[in-house]
1. Residue by residue through the stretch 154-171, note down the ones that are more than 17 Å from E199 (Cβ to Cβ) and assigned to a strand (DSSP E or B).
2. Which members of the stretch 149-176 meet the condition of being closer than 30 Å to A99 by Cβ and either of a type outside the set (A, V, I, L, M, F, W, C) or loosely packed, with under 14 Cβ neighbours inside 10 Å (or both)?
3. Looking at the structure I just gave you, is A66 exposed (fewer than 12 other Cβ atoms within 10 Å of the Cβ), assigned to a helix (DSSP H, G or I) and without any contact (Cβ under 8 Å) to a residue 60 or more places away in the chain?
4. For V54, state whether it is β-branched (V, I, T) and assigned to a loop (DSSP other than H, G, I, E, B).
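The values are calculated or read from the model by the stated rules, or taken from the named source; none is laboratory data. Please read these numbers as outputs of a predicted model, since none were measured by experiment. Cβ atoms come from the backbone with ideal geometry, glycine included; neighbour counts cover every protein chain shown.
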Amino acid sequence: MTDKTPCQDCGDLILPRTASDTGGVCKRCEWKRQPRPEPRELSRREQAIHGEWVGLAHRICTLKPAKVLRLRCPACKSGLRICFTPGLKAKGSLSVGCADVSRCQQIIHLDGLAAEPIWLDSLPPHFETNGNGSFSEIKDTRPKPQFQTGDVVAVRQPSPPEIPSEGEVIEVLWNFTKSWWNYVISSNGTRCLKRFRNEDIEKIANKPSPPYQ
């Protein structure tokens, strides 16, 4: 039987081979030691464009239908593609982008809305505008999400220390760039910053949901 040795950082017992590969620490502590790349700072022009689209998305949540339908892409003056996804703990998420993706690929996502858009009673949740007062509904061809808000799930590989081993799904979000579902979970009342995909989590049957604050 191979004798184990304590990790130099946390004290957990590890195999000598692991200690030799990592410099005397466990895999988790090795991950903690790895340098993190500094996020690239946006240029002033990129910051201005981003701020303009964030402001536009927030405005769309508060405008009446007639005004929403006359909004145009700030960059190319085409119509807009607007998609609202309802949520459980928050009021949902909103994606706003240019309708003419061949000329302009600007898009912004707002998660965790404080209130639902006021135009939902008159307009569908997914639609495109032409900037002149009319719209066309976008048929939802997305696959159904495998998990719903309120599901208790286990994380398949919770290796980084800040990733919980299980939690409750509190938001189901469609990634328009990658065309897949993302899931936000909470664990012990704390929202996890990582977004999970279908293959990252699995449902725990017959387990009550933990309280979420």
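1. Within the stretch 154-171, E168, I170, E171 qualify.
2. Within the stretch 149-176, T149, E171, N175 meet the criteria.
3. On the way: exposed (fewer than 12 other Cβ atoms within 10 Å of the Cβ): yes; assigned to a helix (DSSP H, G or I): yes; without any contact (Cβ under 8 Å) to a residue 60 or more places away in the chain: no.
Judged against the criteria, A66 is not a match.
4. When the stated conditions are applied, V54 does not pass them.
Listed here are the residues, each with its yes/no results for (1) part of a helix (DSSP H, G or I); (2) in the same structural domain as S93 (by TED's automatic domain parsing); (3) at pLDDT below 90; (4) closer than 30 Å to H126 by Cα.
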residue: G11; (1), (2), (3), (4): no, no, yes, no
residue: A19; (1), (2), (3), (4): yes, no, yes, no
residue: W31; (1), (2), (3), (4): yes, no, yes, no
residue: P35; (1), (2), (3), (4): no, no, yes, no
residue: A48; (1), (2), (3), (4): yes, yes, yes, yes
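To keep it simple, each residue is scored yes or no on (1) closer than 17 Å to G131 by Cβ; (2) surrounded by fewer than 16 Cβ atoms within 10 Å (Cβ to Cβ); (3) in the same structural domain as R191 (by TED's automatic domain parsing); (4) touching a strand residue (DSSP E or B) at 6+ places or on another chain (Cβ under 7 Å).
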| position | (1), (2), (3), (4) |
| --- | --- |
| E52 | yes, yes, no, no |
| L56 | yes, no, no, yes |
| C61 | no, no, no, yes |
| C76 | yes, yes, no, yes |
| S95 | no, no, no, yes |
| D100 | yes, no, no, no |
| I107 | yes, no, no, yes |
